[in-house]
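Report on the structure given below.
What follows is calculated from the coordinates using simple rules that are stated; it is not laboratory data. What you see is a predicted model; the values in this text were computed from it and never measured. Reconstructed Cβ throughout: ideal geometry from the backbone, glycine too, with neighbour counts over all protein chains shown.
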Amino acid sequence: MKQEQQKLRKIIHIDMDAFFASIEQRDQPRLRNKPLVVGGSPWSRGVVATCSYEARPYGIHSAMSSYEAYRRCPEAIFIKGNMEKYKEVSREIMNIFHDCTDLVEPLSLDEAYLDVTENHWNIPSATLAAKEIRRMIYQTTGLTASAGVSYNKFLAKAASDYNKPDGLTVITPDRAEAFVKALPIGDFRGVGKVTKRKFDSLGIQTGEGLQQLSEERLVELFHKQGHVFYRQARGLDERPVNPERERKSLGKETTLSQDLLLVQDMLPVIEELLDQVLARLRKDGIRTKCIVLKIKFADFQQITRRSTLEHPSNDHAELLEALRSLLEEGTSGGDPVRLLGVTASEFYGPGEVTGGRGKVYKTVNYEQLRLF
Ligand SMILES: [Mg+2]
């Protein structure tokens with residue numbers, strides 16, 4: 001019964017491909033198609049944060065010392081990286097995830113589990129949802145992601161690793177056994193260097209070998225983790241997707257079907273985005289005190305402009321007026337715009353804004369907003 005229930009879950013694991021390196025290659029044409037290492041120069045004591053796919057045939061990988069990377073490929077380009085920029089791209093990706101489902105569990109800036117069993121898009125197929133997410137990521141950021149789709153976290157993550165970069169792998173219940181059998185032992189959750197050596201000494205290289213060991217034997221060898229290995233070898237994993245506790249903002253953005261130059265052409269888009277944001281706020285009587293406009297230009301440079309209101313509001317006309325000023329200010333340079341976004345933050349709940357002047361407002365947390 002438990003297993004039946006578990007198989008009904010639809011989990012996606014999304015992992016951006018060579019995240020930091022891909023962002024730099026996107027923004028700096030001179031870095032494209034070159035072995036690139038982000039994270040410290042070979043002369044510092046830094047480690048590789050990410051390297052481009054062109055650097056991988058040399059044996060360079062994340063967490064390796066930058067000096068070792070240099071030794072393996074002296075012609076590689078080393079750059080320090082720009083964490084603020086990577087965080088901003090991460091926010092764009094996470095926004096897309098939250099557009100699809102509330103059950104998003106980020107593992108790092110560029111990786112997350114999504115439970116799409118029920119989703120805001122009402123897409124019954126997790127595979128189609130994953131395709132749509134990958135499409136939106138590419139359209140919004142110009143970057144590729146790999147996705148794994150399955151009925152639990154372990155299989156979804158193993159699946160996203162299976163066909164990198166720019167891959168989509170689906171493991172349906174009937175394919176799980178064969179997939180797990182062929183999976184290298186190092187790809188099981190909880191297998192580090194020491195555990196791997198132990199498995200090596202037992203002659204176990206894949207899931208098929210792991211399946212030969214009884215649960216008792218595995219517990220004897222690995223204590224509590226033995227139970228986990230036993231279950232993983234059978235494609236089982238009950239861990240739910242744990243969403244972020246607090247939601248601090250709610251945003252919608254869209255890549256324009258063609259670049260726009262004029263404020264009057266962009267305003268209808270802003271209005272539509274604001275409508276979508278307000279629809280979700282109004283459902284629970286939530287108001288916002290801060291509205292943020294994001295503009296991404298055709299060259300992928302982007303700016304955000306924010307406006308703080310005097311009182312919390314969910315009034316369309318009032319917020320649109322604020323956005324119009326921000327838009328005029330933000331586009332005064334006359335550069336073509338490729339993407340627009342509207343985000344509300346600083347939430348106030350129902351009953352907290354009735355008193356007018358002098359009233360102490362309280363911020364609502366995600367627990368309340370979950371009702372969206
Ligand atoms: Mg990644």
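What is the extension gain from Ser125 to Ala182, computed as 0.36 nm multiplied by their sequence separation minus the C-alpha to C-alpha distance, in nm to one decimal? Don't skip to the answer; put the middle values down first.
On the way: separation 57, 0.36 × 57 = 20.52 nm, distance 2.57 nm.
In short, 17.9 nm is gained.
Taking the DSSP beta bridges in the chain as the whole, what percent of them are antiparallel, to the nearest 5?
Values: 46 of 52 bridges.
Expressed as a percentage, antiparallel bridges in the chain total about 90.
Between 0 and 90 degrees, rounded to the nearest ten: what's the tilt of helix 316-330 against the longest Cα principal axis of the chain?
The two axes meet at around 80 degrees.
Please state the Cα pair-distance histogram of the chain with 20 angstrom bins from zero: what percent is in each bin?
In whole percents, the pair-distance histogram is 25, 50, 23, 2.
Evaluate the distance, in nm, between pseudo-label points positioned 7 Å from the Cα of Glu118 and of Arg282 along their respective Cα→Cβ axes.
2.3
Check the straight Cα-Cα distances from Lys283 and name the lysines below 27 Å, setting aside those fewer than 8 residues away within the same chain.
Candidates past the 8-residue exclusion: Lys10, Lys248, Lys252, Lys294, Lys359, Lys362.
For Asp275 and Arg30, what is the calculated FRET efficiency with R₀ set at 30 Å and r taken between the beta-carbons, to the nearest 0.05? Display every interim value, and only then the final one.
Values: r = 42 Å, r/R0 = 1.39.
Once rounded, the FRET efficiency stands at 0.10.
Would you list, by chain and number, the aspartates and glutamates whose Cα falls below 17 Å from the Cα of Lys224, excluding same-chain residues fewer than 8 positions away?
Glu215, Glu216, Asp237, Glu238
On a 29 Å Cα-Cα criterion, which of the cross-link pairs Lys34/Lys87; Lys157/Lys289; Lys87/Lys153 come out too long? If you can, show how the numbers build up before the last one.
Details: Lys34/Lys87 24 Å; Lys157/Lys289 38 Å; Lys87/Lys153 24 Å.
From Lys34/Lys87; Lys157/Lys289; Lys87/Lys153, over 29 Å: Lys157/Lys289.
When Met16, Met136, Met83 are ordered from fewest to most other Cβ atoms inside 10 Å of their Cβ, what list results? Provide the component values of the computation, followed by the final result.
Working: Met16 25, Met136 21, Met83 12.
Sorted ascending by nearby Cβ count, the order is Met83, Met136, Met16.
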